[in-house]
Every structure is written in structure tokens, then in C-alpha cells.
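To start, the structure under review is shown below, and the notes come after it.
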Amino acid sequence: MSIALETTGLGKRYGRQWALGDCTLSLPVGRVAALVGPNGAGKTTLLHLIAGLAQPDAGHVRVFDQALVNNTEVLARVGFVAQDSPLYLDFTVADLLTMGARLNRRWDTDLARARLARVDIPLDKPTGKLSGGQRAQVALALAMAKRPDLLLLDEPVASLDPLARREFLQALMGSVAEDGTTVLLSSHIVGDLERACDYLIVLHTARVQVLGGVDELLASHKILVGLRRETADVAGTAGVAAVVKQSHAGKQTTLLVRTDGPIHDPAWTVEDVSLEDFVLAYLANSDAGTLPGPSRRGAST
Amino acid sequence: MIWMTWRQHRAQALYFLVALAVLAAVLVPLGLSMFRALTDLGLSNCHGTLPVGDPCDVARNTFAERFALPHQLSILLAFVPLLVGLFAGAPLVARELEHGTHRLVWMQGVTRRRWLLVKVGLVLAGAAAFAAALSALVYWWWTPYERVGTSRFGELEFDLQGLVPVGYTIFAVALGVAAGALVPKVLPAMAVTVAGFIGARVAVMVARPHFQPAEEARFPLFAESHPGRFVDMWQLSTRVYSADGQDLGSGLITCPPAAEAELDRGCAGYQPGDYNLTRFHPASDYWTFQLIETGIFLAAAALLIVFAFRRLRRFT
């Protein structure tokens, strides 16, 4: 499996504060990865470092096994939509398409036009007169027209209403599936990503907390519901590798656990976990982490 | 990138063309009427420095008084380079960084370096062309003033014509670009541009008299005839000295020959042998001074552009 994107010990500091620290991850080609985390966790910083818009203070980034700095070859293969989809507000949509055609060697105007036609965006309108959602669509169309091998999207759905959000992600998935584009998109809205993404990166307070394929991660985590008891007892239960989150309500205890085998203890009802619950559980417990291979924190609580 | 630069700056280019047209619509008719006045007042055959009271000198004063207002207003032209720097230079980088559009354009297939090179290069070329056209227009318009003895070489007149307005304009635009790379917001970048431009202009203005050693002319207070108003040259100072070199104060004092001087109260207290000393730069140094001053501002502009490139290369 070839690697689209790889970061090693990547870090970025603003003043004395590390916005991102010791970030090591790799993203296989063809994956659609969700980058989630609370505000200020370092999502935007990570995306900027990958896009080459920011320079790391530690570690390095390789995209398609090449360094980024002033590298037009890599630049041509990466599409990027920044947060809030910045556009030249005095340009018409058609102007922006011309801009893309002039500034890129590889450029698919027809693709962009078709995408924009599908969402009813007129080409002769200045982008300053479009709604926030329409601007997000234009920015995405511009990034897609580069026919990128790696598409980086920073909060692409934040300005869209729930219906548009779903359509946007569906359209995105549809087109990237055809080309085999690798996608990394950040979001703090987790619910929408479940259907769209097959890879997950959770950032928490400038650190990578969770990394892996969505299916594998969800398969190795379960929710246990049973009579109220102390967590210490659970650690011994066969199949439970770590307790990520516990909550007690009345006589009942609910646990989200990482498993290392089937759980047959009759004291527990075992349920599958949704992506949203999974992410929220990890975000609530910053000491927990699950990373492939030997990791800094270890794979247990 | 050329298309991109044109698309981003075409409205601005239009505004500057309109401004140039308006200035031409004022200066060309005014200049033509001044040339006519030269002929009407019989000034066509008056040349050089003339004795006080000469008919030519009287006609020159008439002309200077009639066209004093446009002369005074012309000082406003000294601000044109700053305006170009404010509106073409300061937003060039600052607006992109303020609105985040650098994250759009830097992710297209061109490097930041090339992006900045083409944008700055074309805008500088346009600004320089604008400044050169305006400067040539002002130079032509100034010719009648020069004929009547208002030198182009004067402290303020020097700044409005010749090569220096082009140097100032290129400097102002470069300063705006560098200010935008330093403070990534349009208004603060404009403020930095204003402060930097005025500071640099004042500093160089103070240094200007020392570009070349000044020449000196002495002439006695008591004489049959006195030289009239100096023309063409740049007069730095005129002071009165005693025969043994003591400074008796500033100003130009002319007295009739010593025998008759007792009647003239302004001449009381001065001795035969006292003399006026004028320090000046001759008219022949005009283009040397223009070249030196333009060179200073072009060199500063080059440094500012290098600074902007280095700063943006690291901008994150």
C-alpha cells in the first residue's frame, strides 16, 4: 500500500505555545481521512503544514514521498481549500476558473463547470455576492479542477446547513472515488463523517490521539452496559484492553472499552459503538490514545 | 500570473489613468497660458541673473505674482508618490494576507516567489510609468517659471519633476509591499507606509545639500551695482560677514557706494569691506542631484523588495 502523506515528529510553535507537537502519521493512497478534534487542537495547523503554507518548527512532511517547499511538482498534485473558503470577492466565478487555468498546468475547466452547474452557481456573479455555502462549493470546485491526487479540506462543511452538508460530502465522495483521490478533511462535526470517511485522525491538545481505519477502530471498540461497579474490576475482564470512558447513572455503569478479543462476560451487555460516540469518548479522555504500533503513550490507559 | 495581476489591478490602473488625465486637463491649459504670458510680458529675451530694477526683472516679478497660486499648490504634487504607495503598494500583499486569499493563490501551480515577482514587477512598472508621465508633464509646465527665475532646483521644486518622482514612487510602492509583508493587514500597512515614506523623504531632504560641496559667491555690501535675484541655481544661504570674517547675520544687504551710504539707514553700522556670502549649488549640478537622490530611493526600494521576499518565504 503506497503512502500519500507522511509526517514525522511534526511540530509547530507559535510563540512558546506548541500548536502541534510530535505529530507522526501516514495516510495511505485512496483513503478518505477525517481529521477531528476540538477547536484549537491543531487541525488547521496540521493542514497548513501539509499544504506547505506553514513551515514546521520540528519534524517534516512528505507528500507523495517528496518535500514540499517551493516544489511546483507536488503543488500541482495537491488541492487545498482553506477554512472559510477564501476567494477573491471582486472576481466572478468565471474569473476564478480563468485564474485556475492560467496558474495550473493540469486544470479541468469542464469538471469545475459541471460541478458548479449541479449546485446552481452562476458563473457571471462576483463571488462576494454568493452565500457562504455557495462560496464553499466554488472553492471546492476550484480545488477539484486541479485534479489533485491529494485533496486537503479545512472545515469544508462548517458553513453549510445539514442538508447541504450531506449533499456536499456525497458529491465529494462520488468524485474522489472515481479518481482514487486521497482526501484529508478536518471537521468538528463528527456525525456527518461516518458515512464519508474510512480513516480517522483525532487530534487533542496538539497531539495525535487516535489514528487508524474507521472500520478497524470501530470493530475493536465496544460499549458495555451493566450493573454499577468500579472500573478496576473491569480491567481483569477477558477481552477488555482498556477503558476509554466510563459513566455511571443510578445503578448502571456504561463503559466504552477497547477490546483485544471477544467479551463473553455475562455481567455486560455488549453493543457496537458509533463513530460519533467513539470520537467523543476519546476527546473526553485526553489520557487515552490508540495509535498503530508502539506509541509514545502506549496503547492503554 | 500576468493575467492574474491585470485582473486584480485593472480597476486601480484605470483610477490612476483618470487621475493622470485630470491633472493633464489642469496643467496643459495652465502651462499654455503661462507660455503666452511669457511672450506678452516680453520675457522671451530675458536671460540670466539681472540687476534690481531692470525692466526684465520687473516683468519677471509680474509673472511670478500672477502665477503664484499654482506655484504654491504644486507642493501637493509631492504627495502623489505616497498616494501611489498607499493604494497600489500597501494592499498588494496585505490584502491577500488579511482576507486569507494567499491560501488560495499559493495553492495553485505557481510558487510564492513567482507570484510575488510578477505582481510586484508589473505594479512597479505601472507605477513608474504613471510617475514618469506626470513628472514629464510637470517638467514641461515648469519651464515658464524657470524662465522667470523660479528654479527647478529649489528645495521643494526639486521634488516635483525630473527623475526623483519616479524614484519616490517606486520607493513608496516597495515600502507598501514590504509593510504588507510585515503587518498582514491593509490599514496598519498603510500607516507604516505613510510613516516610512515621510521619514525617508525628510531624512534625504536634510542630507540633500551635502550631496556635493556647495559653491560660494561673495560680493561687497557697498557697490555701484548689485547682482539681482539668483536664478537657476539652488541657493542654500545668504549671510553678511565683516571684513575679518565675523558673521553679522542672515540676509542680503545692498548699499550704495560708501560715500552716499549715510543717507540709507539700513546700511548704518556696516563697514566698507563687509560682504554678502551666498552658498549655492550651481544649475549645472541639477541632474547630478536628481541622479543621486533617485539612486538613494531606488536602492532603498530594492532592499525593501528583498525584505518582502524573504519575509513571505517564511510567512506561515
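The values are calculated or read from the model by the stated rules, or taken from the named source; none is laboratory data. Because the structure is a prediction, the values reported are computed rather than measured. Note that each Cβ is placed from the backbone with ideal geometry, even for glycine, and that neighbours are counted across all protein chains shown.
Quick test of your reading of the structure: A:ASP161 fulfils all but one of (1) more than 18 Å from A:PHE80 (Cα to Cα); (2) within 12 Å of chain B (Cβ to nearest Cβ); (3) touching a residue at least 24 places away in the same chain (Cβ under 8 Å). Name the failing condition by number.
Unmet condition: (2).
Restricting to region B:113-133, name every residue that is surrounded by fewer than 18 Cβ atoms within 10 Å (Cβ to Cβ) and of a type in the set (Lys, Arg).
Passing the criteria: B:ARG113, B:ARG114.
Could you please give the count of residues in region B:244-271 that are modelled with pLDDT of 85 or more and within 15 Å of B:ALA223 (Cα to Cα)?
Residues meeting the conditions: 0.
For region A:23-56, give me each residue that is polar (S, T, N, Q), within 14 Å of chain B (Cβ to nearest Cβ) and either within 24 Å of A:ASP215 (Cβ to Cβ) or surrounded by fewer than 22 Cβ atoms within 10 Å (Cβ to Cβ) (or both). Steps first, answer last, please.
We begin by selecting, within region A:23-56, every residue polar (S, T, N, Q); these are A:24, A:26, A:39, A:44-45, A:55.
Then drop every residue that is not within 14 Å of chain B (Cβ to nearest Cβ), which leaves A:44-45, A:55.
The answer is A:THR44, A:GLN55.
Taking the condition of being modelled with pLDDT under 90, of a type in the set (D, E, K, R) and in a loop (DSSP other than H, G, I, E, B), how many residues in region A:66-84 meet it?
1
Could you tell me which numbered condition A:ALA117 fails, if it satisfies all but one of (1) without any contact (Cβ under 8 Å) to a residue 12 or more places away in the chain; (2) within 20 Å of the chain's Cα centre (by Cα)?
Here A:ALA117 meets the rest and fails (2).
Which of (1) outside any strand (DSSP E or B); (2) surrounded by fewer than 21 Cβ atoms within 10 Å (Cβ to Cβ); (3) more than 11 Å from chain B (Cβ to nearest Cβ); (4) among the small types (Gly, Ala, Ser) is the odd one out, the single condition A:GLY59 does not satisfy?
(1)
Which of (1) outside any helix (DSSP H, G or I); (2) under 19 Å from A:THR182 (Cβ atoms) is the odd one out, the single condition A:ILE50 does not satisfy?
A:ILE50 satisfies every listed condition except (1).
Would you call A:GLY79 within 14 Å of chain B (Cβ to nearest Cβ) and surrounded by 14 or more Cβ atoms within 10 Å (Cβ to Cβ)? Break it down stepwise before answering.
On the way: within 14 Å of chain B (Cβ to nearest Cβ): yes; surrounded by 14 or more Cβ atoms within 10 Å (Cβ to Cβ): yes.
For A:GLY79, the condition - within 14 Å of chain B (Cβ to nearest Cβ) and surrounded by 14 or more Cβ atoms within 10 Å (Cβ to Cβ) - is met.
Yes or no: region B:6-16 includes at least one residue that is among the polar types (S, T, N, Q), more than 30 Å from B:THR150 (Cβ to Cβ) and in the same structural domain as B:GLU157 (by TED's automatic domain parsing).
Filtering region B:6-16 down to residues among the polar types (S, T, N, Q) leaves B:8, B:12.
So of that shortlist, the ones also more than 30 Å from B:THR150 (Cβ to Cβ) come out as B:8, B:12.
Among the residues that remain, those that are also in the same structural domain as B:GLU157 (by TED's automatic domain parsing) are: B:8, B:12.
Yes, because at least one residue in region B:6-16 is among the polar types (S, T, N, Q), more than 30 Å from B:THR150 (Cβ to Cβ) and in the same structural domain as B:GLU157 (by TED's automatic domain parsing).
When both residues are 6+ apart or on different chains and their Cβ atoms are under 6 Å apart, which pairs have a first residue that lies in region B:180-195 and is in the same structural domain as B:LEU86 (by TED's automatic domain parsing) and surrounded by 17 or more Cβ atoms within 10 Å (Cβ to Cβ), and a second that is at pLDDT below 95 and of a type in the set (Lys, Arg)?
Note: pairs meeting the criteria are B:ALA181/B:ARG311.
Which of (1) touching a helix residue (DSSP H, G or I) at 6+ places or on another chain (Cβ under 7 Å); (2) among the hydrophobic types (A, V, I, L, M, F, W, C); (3) under 30 Å from B:VAL58 (Cβ atoms) is the odd one out, the single condition B:PHE171 does not satisfy?
Against the list (1) touching a helix residue (DSSP H, G or I) at 6+ places or on another chain (Cβ under 7 Å); (2) among the hydrophobic types (A, V, I, L, M, F, W, C); (3) under 30 Å from B:VAL58 (Cβ atoms), B:PHE171 comes up short only on (3).
What helices (runs of 4 or more DSSP H) completely inside region B:67-178 contain at least 3 residues that are assigned by TED's automatic domain parsing to the domain that holds B:CYS46 and more than 30 Å from B:SER44 (Cα to Cα)? Reasoning before the result, please.
Details: elements: B:68-73, B:80-84, B:90-99, B:102-105, B:112-147.
Correct list: B:80-84, B:90-99, B:102-105, B:112-147.
For every residue, the table says whether it meets (1) away from every other protein chain (no Cβ under 14 Å); (2) out of contact with any strand residue (DSSP E or B) (no Cβ under 9 Å at 6 or more places or on another chain); (3) under 30 Å from A:LEU53 (Cβ atoms).
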residue: B:ASN61; (1), (2), (3): yes, yes, no
residue: B:LEU83; (1), (2), (3): yes, yes, no
residue: B:LEU86; (1), (2), (3): yes, yes, yes
residue: B:GLY100; (1), (2), (3): no, yes, yes
residue: B:GLN108; (1), (2), (3): no, yes, yes
residue: B:THR111; (1), (2), (3): no, yes, yes
residue: B:ARG114; (1), (2), (3): no, yes, yes
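Residue check: is A:GLU178 in a helix (DSSP H, G or I), without any contact (Cβ under 8 Å) to a residue 40 or more places away in the chain and either within 22 Å of A:ALA33 (Cβ to Cβ) or within 18 Å of the chain's Cα centre (by Cα) (or both)? Give the steps one after another, and end with the answer.
Working: in a helix (DSSP H, G or I): yes; without any contact (Cβ under 8 Å) to a residue 40 or more places away in the chain: yes; either within 22 Å of A:ALA33 (Cβ to Cβ) or within 18 Å of the chain's Cα centre (by Cα) (or both): yes.
In short, yes.
State all residues of region A:84-107 that are in contact with a Leu (Cβ under 8 Å, 6 or more places away or on another chain), surrounded by fewer than 21 Cβ atoms within 10 Å (Cβ to Cβ), over 14 Å from B:HIS102 (Cα atoms) and not small (Gly, Ala, Ser); if no residue qualifies, say none.
A:THR92
Return the residues of region A:85-139 that are among the charged types (D, E, K, R) and either more than 13 Å from every other protein chain (Cβ to nearest Cβ) or assigned to a loop (DSSP other than H, G, I, E, B) (or both); say none if nothing qualifies. I'd like the intermediate steps shown before the answer.
Keep residues of region A:85-139 that are among the charged types (D, E, K, R), which gives A:90, A:95, A:102, A:105-106, A:108, A:110, A:113, A:115, A:118, A:120, A:124-125, A:129, A:135.
Within region A:85-139, A:ASP90, A:ARG105, A:ARG106, A:ASP108, A:ASP110, A:ARG113, A:ARG115, A:ARG118, A:ASP120, A:ASP124, A:LYS125, A:LYS129 qualify.
Among the residues of region B:140-158, what is the count of those that are buried (at least 16 other Cβ atoms within 10 Å of the Cβ) and under 13 Å from the mean Cα position of the chain (by Cα)?
Of the residues in region B:140-158, the ones buried (at least 16 other Cβ atoms within 10 Å of the Cβ) are B:141-142, B:144-153, B:157-158.
Filter once more, so that each one left must be under 13 Å from the mean Cα position of the chain (by Cα): B:142, B:151-153, B:157-158.
So the count comes out to 6.
Quick one: B:ALA136 ticks every box in (1) within 14 Å of chain A (Cβ to nearest Cβ); (2) more than 22 Å from A:ARG105 (Cα to Cα) except a single one, so which number is it?
Looking at each condition in turn, B:ALA136 falls short on (1).
With away from every other protein chain (no Cβ under 14 Å) and either surrounded by 17 or more Cβ atoms within 10 Å (Cβ to Cβ) or modelled with pLDDT under 95 (or both) as the only criterion, which of B:LEU38, B:LEU32, B:LEU17 stands out? Talk me through it step by step, then tell me what you get.
On the way: B:LEU32 fails: either surrounded by 17 or more Cβ atoms within 10 Å (Cβ to Cβ) or modelled with pLDDT under 95 (or both); B:LEU17 fails: either surrounded by 17 or more Cβ atoms within 10 Å (Cβ to Cβ) or modelled with pLDDT under 95 (or both).
None of the other options fit; the residue is B:LEU38.
Tell me yes or no: at least one residue of region B:197-211 is touching a Phe, Trp or Tyr at 6+ places or on another chain (Cβ under 6 Å) and among the aliphatic types (A, V, I, L, M). Outline the logic, then answer.
Step one: of region B:197-211, the residues touching a Phe, Trp or Tyr at 6+ places or on another chain (Cβ under 6 Å) are B:211.
Those still in the list that are among the aliphatic types (A, V, I, L, M) too: none.
The answer is no, given that none of the residues of region B:197-211 is touching a Phe, Trp or Tyr at 6+ places or on another chain (Cβ under 6 Å) and among the aliphatic types (A, V, I, L, M).
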